[in-house]
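Reading through the structure tokens given below for one structure.
Rule-based calculations on the coordinates, nothing more; no lab input. It should be emphasised that the depicted structure is a prediction, and the values quoted were computed from it without experimental measurement. Every residue, glycine among them, receives a Cβ derived from its backbone with ideal geometry; neighbour counts consider all protein chains shown.
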Amino acid sequence: MIYHKTFIHKKSDTWVVFVHGAGGSNAVWFKQLRDFKKHFNVLIIDLRGHGKSKEHYSKEEIYKFNEIAFDVIQIMDHLKIQKAHFVGISLGCIIIRAIDKLAPGRAESIILGGAVIQFNKKINGLLTTAKIAPVNFAIYVVIQNQRMDFNTFEKNMHNRANFLFRKL
């Protein structure tokens with residue numbers, strides 16, 4: 001099982017799962033963790049090949065997105081987390097979308113930053129031949145199964161940006 005750490009809140013039953021990007025580790029969330037653990041149960045993980053999960057996998061195994069998603073689902077099952085709010089950056093966005101497809105209903109909401117949401121044929125070709133990672137600084141948000149682009153999110157920010165804090 002990949003490295004993970006939980007922060008349990010005494011009064012909350014709401015979970016937030018943070019998924020880091022390529023080359024990162026759970027340490028990238030230290031500023032967010034400081035605030036979120038005051039209000040929610042938090043799960044941070046090191047994806048395979050990263051941080052404290054680096055030694056467990058070969059290079060061939062590191063970027064198999066569905067398998068990485070199953071790693072996260074396995075941890076959630078082990079911890080008996082039925083649903084969670086997911087926050088991801090970069091590679092974490094791909095993994096969270098895979099989790100949402102492989103385990104429908106487990107994501108209560110999804111926030112994706114620096115999201116690569118879909119590869120077209122040209123990007124797939126570049127990735128295969130040049131082994132480069134595309135960079136896309138779009139923000140894609142899913143809140144309560146309502147998908148919206150950043151501009152729509154921004155318009156609704158006053159009412160929705162603090163959706164995780166609704167139980168306070």
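Data for the structure
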{"item": "Long-range HN-HN contacts of Ile89 with modeled amide H, under 5 Å", "result": "Val19, Gly21, Gly113"}
{"item": "Amide H contacts under 5 Å for His9, placed H, 5+ residues apart", "result": "Asn41, Val42"}
{"item": "Two-site FRET efficiency, Asn66 against Phe7, from Cβ-Cβ distance with R₀ of 22 Å, rounded to 0.05", "result": "0.20"}
{"item": "Burial order of peptide ranges 88-101, 31-44 (average beta-carbon count within 10 Å, highest first)", "result": "88-101, 31-44"}
{"item": "For peptides 78-87, 45-54, sequence by mean Cβ density within 10 Å, most packed first", "result": "45-54, 78-87"}
